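Visitor: Below is a structure I'd like to ask you about.
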Amino acid sequence: MRLSIRHETTYIYGTPAAWAIQTLRLAPRGYGGQSIGSWRVEVDRDCRVDQAWDAFGNILHSFTADGPLEKLSIVATGEVETNDTHGVVQDQVERFPEILFLRDTSLTEADDAIRALAEVSTARTTGDPIAMMHGFMNAIRDSTRFDTGATDVTTTARQALALGHGVCQDFAHIFIAGARHLGFPARYVSGYLYKEDAPELQEAGHGWAEAHLPDLGWVGFDPTNAVCPTEAYVRVAVGLDYLGAAPVRGSQHGGSDEKLSVQISVKDAGFGAR
């Protein structure tokens with residue numbers, strides 16, 4: 001399907017900031033599951049936006065905006081054509097061997113509870129990697145409730161599972177921690193999800209995980225919805241955890257009472273599924 005996306009991030013400062021530095025992972029790359037028709041990243045300030053690639057091959061935009069800043073707005077817009085690969089990441093150039101993605105981070109360290117959930121949910125899969133990952137993904141979905149007010153970007157996989165609720169990044173972090181414990185390299189994916197019943201005014205992008213499986217390579221798993229990514233998913237950036245694939249990260253000098261708002265729309269552009 002052809003999806004039209006608009007992602008607006010706005011900062012409002014109670015007292016003006018002297019300057020702000022931002023790093024953006026807002027531009028998707030093409031691969032076997034998607035092709036990019038057009039894409040723009042714009043800032044409402046007179047500044048230079050540089051484009052580069054980070055260590056994982058994600059498209060990276062960065063800029064410094066001089067103040068005084070009472071407001072700062074970043075808008076990414078474009079169209080992406082997707083097709084259903086049943087979660088398998090095809091024809092994607094990889095910068096690192098998959099073994100790197102066995103490395104834990106502070107957000108994805110497993111504890112006894114995560115290890116137990118991973119082991120119990122895969123005990124009857126007779127060692128089949130796909131069945132193991134589906135079993136674990138479903139177990140996360142069954143044991144964790146989606147709740148937008150329960151966690152933040154610093155919440156760890158251990159904390160989220162103990163709480164029993166969280167947002168998509170928490171579900172993904174639990175999956176990553178457990179998959180790595182089971183010996184499968186795993187990583188975080190940030191992107192967008194087309195929701196037919198709510199295409200406009202989403203307050204956040206979507207996040208899921210990928211595990212590297214024998215004979216298949218990287219395969220996506222979305223424990224929030226207990227599915228492998230379909231043509232409704234747009235894949236943007238990958239990292240060892242959310243912080244490595246976050247759409248927008250930055251800092252400012254001065255300013256107070258910062259307020260952040262995010263508005264995202266993901267619409268079917270009208271061409272329908274291929």
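Visitor: Suppose we filter V236, V219, V227, V266 for residues that are modelled with pLDDT of 90 or more, under 14 Å from the mean Cα position of the chain (by Cα) and either under 21 Å from G166 (Cβ atoms) or of a type in the set (V, I, T) (or both); which single one remains? Explain how you work it out, then say what you get.
Guide: Details: V219 fails: under 14 Å from the mean Cα position of the chain (by Cα); V227 fails: under 14 Å from the mean Cα position of the chain (by Cα); V266 fails: under 14 Å from the mean Cα position of the chain (by Cα).
After ruling out the rest, the residue left standing is V236.
Visitor: Any idea which residue in the range 115-138 is nearest to Y188 (Cα to Cα), counting only those that are in a loop (DSSP other than H, G, I, E, B) and not acidic (D, E)?
Guide: Applying the first criterion (in a loop (DSSP other than H, G, I, E, B)) to the range 115-138 yields 122-128.
Of the ones still in play, those that are also not acidic (D, E) are 122-127.
Values: T122: 21, A123: 24, R124: 26, T125: 24, T126: 26, G127: 23 Å.
The selected residue is T122.
Visitor: Also, quick follow-up: Do you know which residues across the range 35-75 are of a type in the set (G, A, S), within 20 Å of K259 (Cβ to Cβ) and at pLDDT 95 or above?
Guide: Step one: list which residues in the range 35-75 are of a type in the set (G, A, S), which gives 35, 37-38, 52, 55, 57, 62, 65, 67, 73.
After this cut, where a residue has to be within 20 Å of K259 (Cβ to Cβ) as well, the list is 65, 67, 73.
If the condition is that a residue be of a type in the set (G, A, S), within 20 Å of K259 (Cβ to Cβ) and at pLDDT 95 or above, then S73 is the only one that fits.
Visitor: Go through T126, T105 for me and flag whichever is without any contact (Cβ under 8 Å) to a residue 24 or more places away in the chain, among the β-branched types (V, I, T) and more than 22 Å from G33 (Cβ to Cβ). Spell out how you get there, then give the answer.
Guide: On the way: T105 fails: without any contact (Cβ under 8 Å) to a residue 24 or more places away in the chain.
None of the others qualify; the one that does is T126.
Visitor: Do we have A110 as in contact (Cβ under 8 Å) with a residue 24 or more places away in the chain, of a type outside the set (S, T, Y) and touching a helix residue (DSSP H, G or I) at 6+ places or on another chain (Cβ under 8 Å) here?
Guide: Working: in contact (Cβ under 8 Å) with a residue 24 or more places away in the chain: yes; of a type outside the set (S, T, Y): yes; touching a helix residue (DSSP H, G or I) at 6+ places or on another chain (Cβ under 8 Å): yes.
Yes.
Visitor: If you take the residues of the range 145-164 that are without any contact (Cβ under 8 Å) to a residue 24 or more places away in the chain and among the aliphatic types (A, V, I, L, M), which of them is nearest to L107 (Cα to Cα)?
Guide: Only one residue fits best here, namely A160.
Visitor: Let me ask another. Every residue in the range 1-32 that is of a type in the set (A, V, I, L, M, F, W, C) and in a strand (DSSP E or B), please. Break it down stepwise before answering.
Guide: Initially, the range 1-32 is screened for residues of a type in the set (A, V, I, L, M, F, W, C), giving 1, 3, 5, 12, 17-21, 24, 26-27.
Answer for the range 1-32, where residues must be of a type in the set (A, V, I, L, M, F, W, C) and in a strand (DSSP E or B): L3, I5, I12, A17, A18, W19, A20, I21, L24.
Visitor: Does the range 145-152 contain at least one residue that is polar (S, T, N, Q), touching a His at 6+ places or on another chain (Cβ under 7 Å) and crowded, with 16+ Cβ neighbours inside 10 Å? Spell out how you get there, then give the answer.
Guide: Taking the range 145-152 first, the residues polar (S, T, N, Q) are 148, 151.
Cutting the leftovers down to touching a His at 6+ places or on another chain (Cβ under 7 Å) gives us none.
The answer is no, given that none of the residues of the range 145-152 is polar (S, T, N, Q), touching a His at 6+ places or on another chain (Cβ under 7 Å) and crowded, with 16+ Cβ neighbours inside 10 Å.
Visitor: Suppose we filter A76, A17 for residues that are more than 28 Å from D91 (Cβ to Cβ) and in contact with a His (Cβ under 7 Å, 6 or more places away or on another chain); which single one remains?
Guide: On the way: A76 fails: more than 28 Å from D91 (Cβ to Cβ).
After ruling out the rest, the residue left standing is A17.
Visitor: Consider A157 carefully, then state whether it is surrounded by fewer than 14 Cβ atoms within 10 Å (Cβ to Cβ), among the small types (G, A, S) and modelled with pLDDT of 95 or more.
Guide: Values: surrounded by fewer than 14 Cβ atoms within 10 Å (Cβ to Cβ): no; among the small types (G, A, S): yes; modelled with pLDDT of 95 or more: yes.
Against the criterion (surrounded by fewer than 14 Cβ atoms within 10 Å (Cβ to Cβ), among the small types (G, A, S) and modelled with pLDDT of 95 or more), A157 does not qualify.
Visitor: Oh, and also: In the range 100-114, what residues are assigned to a helix (DSSP H, G or I) and either farther than 18 Å from E210 by Cα or in contact with a Ser or Thr (Cβ under 8 Å, 6 or more places away or on another chain) (or both)? Explain how you work it out, then say what you get.
Guide: At the first step, the residues of the range 100-114 found to be assigned to a helix (DSSP H, G or I) are 100-102, 112-114.
Across the range 100-114, the qualifying residues are D112, A113.
Visitor: If you scan the range 93-119, which residues turn out to be within 19 Å of V219 (Cβ to Cβ), within 18 Å of the chain's Cα centre (by Cα) and crowded, with 17+ Cβ neighbours inside 10 Å?
Guide: Matches in the range 93-119: F101, T108.
Visitor: For the range 8-30, state whether one or more residues are closer than 21 Å to V219 by Cβ and either among the hydrophobic types (A, V, I, L, M, F, W, C) or surrounded by 15 or more Cβ atoms within 10 Å (Cβ to Cβ) (or both). Lay out the reasoning, then the answer.
Guide: Let us first name the residues in the range 8-30 that are closer than 21 Å to V219 by Cβ, namely 28-30.
Within this subset, residues satisfying the condition of being either among the hydrophobic types (A, V, I, L, M, F, W, C) or surrounded by 15 or more Cβ atoms within 10 Å (Cβ to Cβ) (or both) are 28-29.
Checked the range 8-30: at least one residue is closer than 21 Å to V219 by Cβ and either among the hydrophobic types (A, V, I, L, M, F, W, C) or surrounded by 15 or more Cβ atoms within 10 Å (Cβ to Cβ) (or both).
Visitor: Six or more apart or on different chains, Cβ atoms under 7 Å: show the pairs whose first residue is in the range 44-62 and touching a residue at least 60 places away in the same chain (Cβ under 8 Å) and exposed (fewer than 15 other Cβ atoms within 10 Å of the Cβ) and whose second is assigned to a loop (DSSP other than H, G, I, E, B) and among the basic types (K, R).
Guide: Taking only residues 6 or more apart or on different chains, not a single pair turns up.
Visitor: Here's a follow-up. Mind listing whichever residues of the range 139-168 are of a type in the set (K, R) and in a helix (DSSP H, G or I)?
Guide: Within the range 139-168, R141, R158 meet the criteria.
Visitor: Working carefully through the options D84, D66, find the one that is assigned to a loop (DSSP other than H, G, I, E, B) and of a type in the set (D, E).
Guide: Working: D66 fails: assigned to a loop (DSSP other than H, G, I, E, B).
Step by step, each of D84, D66 is checked, and only D84 is assigned to a loop (DSSP other than H, G, I, E, B) and of a type in the set (D, E).
Visitor: Can you name the number of the only condition in (1) touching a helix residue (DSSP H, G or I) at 6+ places or on another chain (Cβ under 9 Å); (2) more than 15 Å from S190 (Cβ to Cβ); (3) not basic (K, R) that L260 fails?
Guide: (1)
The values are calculated or read from the model by the stated rules, or taken from the named source; none is laboratory data. This one's a predicted model, so the numbers in the text were calculated from it and none came from an experiment. Heads up, the Cβs are rebuilt from the backbone with ideal geometry, glycines too, and the neighbour counts pull from every protein chain shown.
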